[in-house]
Amino acid sequence: MALVTPNAGELELLDKMLKDALSSDEDYILKLYSNDYTPDQAAVTASFTEANFTNYAATTLTRAGWSSAATVSNKAESSYATQSWTCGATGNTIYGYYVCNPSDTVLWAEKFAVSRTLADGDVLNLTPKFSLNSEN
């Protein structure tokens with residue numbers, strides 16, 4: 001599934017890139033979701049059911065942790081170090097992830113091509129990424 005940036009996230013990110021000049025050095029929050037939802041332009045935090053398997057916690061993505069932007073398949077892309085969660089006694093089915101700012105605006109989200117059912121001892125690894133490309 002393709003990465004989706006909801007309308008509110010587009011506005012927030014564009015303001016950060018162009019208007020605010022990153023004057024507010026805020027970190028972002030990576031969350032996994034457990035409802036079978038396909039992100040779209042209207043996605044908001046309430047669109048997602050955050051994962052709640054044993055040992056799950058949302059992860060803070062610091063600005064310093066992002067790789068330098070590079071061109072990959074004609075898109076500008078930046079990625080973050082792989083994040084890992086190890087499921088404890090109570091599991092979840094994980095459908096994807098979403099990234100929010102501290103005020104809980106969904107900046108982008110991605111549904112996995114195949115959901116992942118986690119049981120005791122299973123590990124989920126995820127490499128967050130963000131890409132931009134021209135509409136033309």
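The values are calculated or read from the model by the stated rules, or taken from the named source; none is laboratory data. None of the values given here were measured: they were computed from a predicted structure. Neighbour counts are summed over all protein chains in view; Cβ atoms, including those assigned to glycine, are modelled from backbone coordinates with ideal geometry. The area values use the complete protein model at the heavy-atom level, side chains included, leaving out ligands, DNA and RNA. Shrake-Rupley method; radii C 1.70, N 1.55, O 1.52, S 1.80 Å.
Things to note:
- Residue ID - surrounded by the most Cβ atoms within 10 Å (Cβ to Cβ), chosen from residues in the stretch 115-127 that are in a strand (DSSP E or B) and not small (Gly, Ala, Ser): Leu118
- The residues on offer are Phe130, Phe112, and the sole one that is within 12 Å of the chain's Cα centre (by Cα), open to solvent by 10 Å² or more (accessible area, probe 1.4 Å), hydrophobic (A, V, I, L, M, F, W, C) and closer than 24 Å to Thr54 by Cβ is Phe112.
- Checked against the criterion of being more than 21 Å from Glu26 (Cβ to Cβ) and modelled with pLDDT under 90, the candidates Asn92, Asn136 yield just one match: Asn136.
- Within the stretch 60-100, considering residues that are over 24 Å from Ala8 (Cα atoms), free of Cβ contacts under 8 Å to residues at least 40 places away in the same chain and part of a strand (DSSP E or B), the one least open to solvent (accessible area, probe 1.4 Å): Ala70
- Selected residue (only one of Thr62, Thr82 is hydroxyl-bearing (Ser, Thr, Tyr), over 18 Å from Thr5 (Cα atoms) and at pLDDT below 95): Thr62
- Residues satisfying the stated conditions in the stretch 41-59, i.e. under 15 Å from Gly96 (Cα atoms), open to solvent by 50 Å² or more (accessible area, probe 1.4 Å) and in contact with a Phe, Trp or Tyr (Cβ under 9 Å, 6 or more places away or on another chain): Thr49, Glu50, Ala57
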